[in-house]
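The values are calculated or read from the model by the stated rules, or taken from the named source; none is laboratory data. Because the structure is predicted, anything quoted here is derived from the model rather than measured. Backbone-built Cβ (ideal geometry, glycine too); neighbour counts: all protein chains shown. Just the protein is used for accessible areas: all its heavy atoms, side chains included, with ligands, DNA and RNA removed. Shrake-Rupley method; radii C 1.70, N 1.55, O 1.52, S 1.80 Å.
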Amino acid sequence: MNLLSQLTTSFQNSFQTDPLLICSPGRVNLIGEHTDYNEGFVLPAAIDKAIYLAVGPRSDNELHFVAHDLNKTYQGSLSNLIPTNTWADYLLGVASQFRLAGHEFSGFNCVFGGTIPMGSGLSSSAALENGVGFAINELFGLGLDRIALVKLSQRAENEFVGAKVGIMDMFASMMGKADHVIKLDCRSLEYTYAPLQMDGISIVLCDSRVKHSLVASEYNTRRSECEAGVRFLQKFYPEIKSLRDVTMPMLDKHLRDADPLLYRRCAYVVQENQRLLDGVAALEANDVATFGQLMYGSHEGLSKWYEVSCPELDILVDIARKQEGVLGARMMGGGFGGCTINLVREEALNAFTDLIIKQYKAQTGKDTYLHVCKIQNGTSIVSKAAGVNK
């Protein structure tokens, strides 16, 4: 029985009705990491690893959730939306944001599970939040557009869960388009789709099997460091609003000697924005080789300047760099674990798989799991009721 069938059956058994089925994908980001909350650029895409939700309305204010993969349940009420410090907060936070925005709706039932490897940096939390927001909007006919739902998901994670994440994860999951990447300006939310011309090249994720939690990691610290760098530079350049407005000459002149740590953090972000713009130009010229080299530069910055990598991620990238047929590799996501993203020529895929599994095990004692991804559409309805496609 596949996952959708399992979720449908679980929902029917629990609530004696057919569910609305929703698919909310994870995301990869080809380049542009930790730039989103600095009002920079990102280049993500939705992938065929997703959270699936079976949902239905209730006539009371109660909330009944089933985390299928965890075999855990939650029961609560819309009248008592407070953090629990558990997985339920990702659903409760979204419901809370709808209420805070003045939207009236009743309780609902939700059974969810997924194919996104948890803790792998593929944004399972954003996918779940988007799925819940999309579900509430559909179930109760609230009429919010996709951008409004993206912003709502981000506020849920920022204010309810407590992770000060940027908007990229939610945006990519909600707004993804099959066979395209999204060039997103995180300041204006202006975006364009670019066809992903990678014939004969696979997007391969290598899972370090090192789990991370953005709430417990130094993610919020990095954001604070960037904000501190901006405040320092504003003494010399009052017009600066974020690191998006900063140049390397500004940093070299004022921050390099005054605060070497903040300099490294800010310099990485400024350089990463430029790498992304150079990378888009390379993709538009169908120059994937140049794009791959920019990915290696991105990892170097994340590891040495921004210091959000870990030994296992560095080892995965080092192995990939030495393998013929690999065009580029870097860590992806918040850091401190999760996956690397690799561009691998299809004829080299088998050799790459064998080598990275063996060498990673030899160097770390850990296993790695590889996921070959395809780019798909963003959050969407699978069926209005079990077995009815839309």
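Does THR340 fit the bill of being over 21 Å from TYR37 (Cβ atoms), assigned to a strand (DSSP E or B) and not aliphatic (A, V, I, L, M)?
Answer is yes for this residue.
Counting only residues that are open to solvent by 30 Å² or more (accessible area, probe 1.4 Å), without any contact (Cβ under 8 Å) to a residue 40 or more places away in the chain and assigned to a helix (DSSP H, G or I), how many does region 251-277 have?
7
Do we find a residue being crowded, with 24+ Cβ neighbours inside 10 Å and of a type in the set (A, V, I, L, M, F, W, C) anywhere in region 77-90?
Among the residues of region 77-90, not one is crowded, with 24+ Cβ neighbours inside 10 Å and of a type in the set (A, V, I, L, M, F, W, C), which makes the answer no.
I'm checking my understanding of the structure. Among residues of region 9-40 that are part of a strand (DSSP E or B) and among the aliphatic types (A, V, I, L, M), which one is farthest from LYS304 (Cα to Cα)?
LEU20
Is one or more of the residues making up region 93-104 among the basic types (Lys, Arg) and within 22 Å of GLY337 (Cβ to Cβ)?
no
Which condition does GLN363 not pass, out of (1) over 17 Å from LEU205 (Cβ atoms); (2) in contact with a helix residue (DSSP H, G or I) (Cβ under 6 Å, 6 or more places away or on another chain); (3) open to solvent by less than 40 Å² (accessible area, probe 1.4 Å); (4) of a type outside the set (Phe, Trp, Tyr), if it passes all the others?
Every listed condition holds for GLN363 apart from (3).
Residues of region 229-248 being aromatic (Phe, Trp, Tyr), surrounded by 13 or more Cβ atoms within 10 Å (Cβ to Cβ) and not in a helix (DSSP H, G or I), which ones?
The one that is aromatic (Phe, Trp, Tyr), surrounded by 13 or more Cβ atoms within 10 Å (Cβ to Cβ) and not in a helix (DSSP H, G or I): TYR237.
Condition first: among the β-branched types (Val, Ile, Thr) and surrounded by fewer than 16 Cβ atoms within 10 Å (Cβ to Cβ). Now tell me which residues in region 1-18 satisfy that.
Selection gives THR9, THR17.
Among (1) touching a His at 6+ places or on another chain (Cβ under 6 Å); (2) open to solvent by 10 Å² or more (accessible area, probe 1.4 Å); (3) closer than 16 Å to HIS371 by Cβ, there is one condition GLY337 misses while meeting the rest; what is its number?
Unmet for GLY337, out of (1) touching a His at 6+ places or on another chain (Cβ under 6 Å); (2) open to solvent by 10 Å² or more (accessible area, probe 1.4 Å); (3) closer than 16 Å to HIS371 by Cβ: (2).
Just to verify a result, which residue in region 278-332, among those that are open to solvent by 20 Å² or more (accessible area, probe 1.4 Å), touching a Phe, Trp or Tyr at 6+ places or on another chain (Cβ under 7 Å) and assigned to a helix (DSSP H, G or I), is nearest to LEU261 (Cα to Cα)?
TRP305
So LYS72 ticks every box in (1) surrounded by 15 or more Cβ atoms within 10 Å (Cβ to Cβ); (2) basic (Lys, Arg); (3) within 26 Å of the chain's Cα centre (by Cα) but one. Which box is left unticked?
(1)
Out of (1) over 30 Å from LEU370 (Cα atoms); (2) in contact (Cβ under 8 Å) with a residue 12 or more places away in the chain; (3) over 21 Å from the mean Cα position of the chain (by Cα), the odd one out for LEU92 is which?
(3)
Of all residues being among the charged types (D, E, K, R) and more than 18 Å from HIS180 (Cβ to Cβ) in region 33-62, which is surrounded by the most Cβ atoms within 10 Å (Cβ to Cβ)? Just the residue, please.
The selected residue is GLU33.
Check whether at least one residue in region 19-32 is open to solvent by 10 Å² or more (accessible area, probe 1.4 Å) and at pLDDT below 95, and report yes or no.
No, that holds for no residue.
Name the residue that is farthest from SER123 (Cα to Cα), counting only residues in region 52-79 that are assigned to a loop (DSSP other than H, G, I, E, B) and without any contact (Cβ under 8 Å) to a residue 40 or more places away in the chain.
SER79
Does LEU43 satisfy being in contact (Cβ under 8 Å) with a residue 24 or more places away in the chain and closer than 30 Å to TYR306 by Cα?
When the stated conditions are applied, LEU43 passes them.
Suppose we keep only residues that are polar (S, T, N, Q) and in contact (Cβ under 8 Å) with a residue 60 or more places away in the chain within region 96-121. Which one would you say is nearest to SER5 (Cα to Cα)?
My answer is THR115.
Please report, ordered by residue number, the strands (runs of 3 or more DSSP E) entirely within region 139-228 with at least 1 residues that are surrounded by fewer than 20 Cβ atoms within 10 Å (Cβ to Cβ) and among the charged types (D, E, K, R).
180-185
Give the residues of region 310-330 that are at pLDDT below 95 and within 23 Å of ILE167 (Cβ to Cβ), sorted by residue number.
none
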